[in-house]
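Only one structure is covered here, and it is reproduced in the block below.
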């Protein structure tokens, strides 16, 4: 084999091997206060620390009523299961929302988290909304992500919001 041919093979092998490394995924939003990252829907507006109950709120540029919020983390008491936390969320929802109707609920699998989700419809300011609320638990810490939209526009952003929720990492 010619020396130049051997060098060419080494260069090709180097490029192949170096291309196989796992590089950290860059997130388009990181919350340093609570230590999480996610990729919000493309073009959505960011509002950090809007209230004590909201770590970050992303809103659609076409409708301020269409939002994805992440609540500050909640620490579960020792021995409190995620299912009990989820039941408490659902029990309190009718107190917060007029005409609350649960559409579905169930367990959710996401890498590194145990999860629970509930989809519901409610009335607020004479407008009917649909929401998907996802509780993600790691150790004793729960993050609550909530997508809410007027019913007529809910499905149009659901796929991109689901991708955002799936991108959530600590």
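The values are calculated or read from the model by the stated rules, or taken from the named source; none is laboratory data. These numbers were taken from a predicted model, which means no experiment stands behind them. Glycine gets a Cβ as well: all are built from the backbone with ideal geometry, and neighbour counts include every protein chain shown.
Return the residue satisfying two criteria in turn: it lies in the stretch 105-127 and is surrounded by 13 or more Cβ atoms within 10 Å (Cβ to Cβ) and out of contact with any strand residue (DSSP E or B) (no Cβ under 6 Å at 6 or more places or on another chain), and of such residues it is nearest to residue 72 (Cα to Cα).
110
Are any residues in the stretch 135-161 farther than 21 Å from residue 87 by Cα and either outside any helix (DSSP H, G or I) or free of Cβ contacts under 8 Å to residues at least 12 places away in the same chain (or both), and if so, which ones?
If the condition is that a residue be farther than 21 Å from residue 87 by Cα and either outside any helix (DSSP H, G or I) or free of Cβ contacts under 8 Å to residues at least 12 places away in the same chain (or both), then 149, 150, 152, 155, 156, 159 are the ones that fit.
For residues in the stretch 67-79 being out of contact with any helix residue (DSSP H, G or I) (no Cβ under 6 Å at 6 or more places or on another chain) and either modelled with pLDDT of 90 or more or closer than 18 Å to residue 41 by Cβ (or both), which is surrounded by the most Cβ atoms within 10 Å (Cβ to Cβ)?
Restricting to residues being out of contact with any helix residue (DSSP H, G or I) (no Cβ under 6 Å at 6 or more places or on another chain) and either modelled with pLDDT of 90 or more or closer than 18 Å to residue 41 by Cβ (or both), the top hit is 70.
Taking residue 57 as the residue in question, decide whether it is surrounded by 12 or more Cβ atoms within 10 Å (Cβ to Cβ), assigned to a loop (DSSP other than H, G, I, E, B), at pLDDT 50 or above and on the phi < 0 side of the Ramachandran plot.
In short, no.
Considering only the stretch 60-74, state which residues are part of a loop (DSSP other than H, G, I, E, B) and under 18 Å from the mean Cα position of the chain (by Cα).
71, 72, 73
Being exposed (fewer than 14 other Cβ atoms within 10 Å of the Cβ) and either assigned to a strand (DSSP E or B) or in contact (Cβ under 8 Å) with a residue 12 or more places away in the chain (or both) narrows it down to one of 132, 102, so name that one.
102
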